[in-house]
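Below you'll find the structure, written out as structure tokens, and then a few comments.
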Amino acid sequence: MDRATAQAAFADFLSDRSLTSQQMRFVEMVIDQLTTNGIVEATALYETPFTDLHTGGPEELFAGKETVIDGIFEVLETVHTGLVNQAS
């Protein structure tokens, strides 16, 4: 996936000024992974390099902002579904 497409998919999160620098870095890492690998499985968010930001996983990193992490998972699912449909 090209970087512009990945950034567009996560535009709402990139413009969310309520996110901490670590939370914003998490979103940027998701974009980096999508750009590099084309897909990010949800389980990967519980592994390195994501756990380097917070060992408690995304739910703890985004504690109090459950709608944000839920939204990130939803976008990843949408991206994954779109790629699977394109391959069919």
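Take residue 56 and decide whether it is of a type outside the set (Lys, Arg) and on the phi > 0 side of the Ramachandran plot. No, not satisfied. With a requirement of 1 or more residues that are over 10 Å from the mean Cα position of the chain (by Cα), in contact (Cβ under 8 Å) with a residue 12 or more places away in the chain and over 21 Å from residue 80 (Cα atoms), the helices (runs of 4 or more DSSP H) lying completely within the range 1-66 that satisfy it span 21-37, 57-61. The residues in the range 29-38 that are within 10 Å of residue 6 (Cα to Cα) and surrounded by 14 or more Cβ atoms within 10 Å (Cβ to Cβ) can be counted, and the count is 6.
Every number in this text was worked out from the coordinates using simple rules, so none of it is lab data. Nothing here was measured: the structure is a model prediction, and the numbers come from that model. Backbone-built Cβ (ideal geometry, glycine too); neighbour counts: all protein chains shown.
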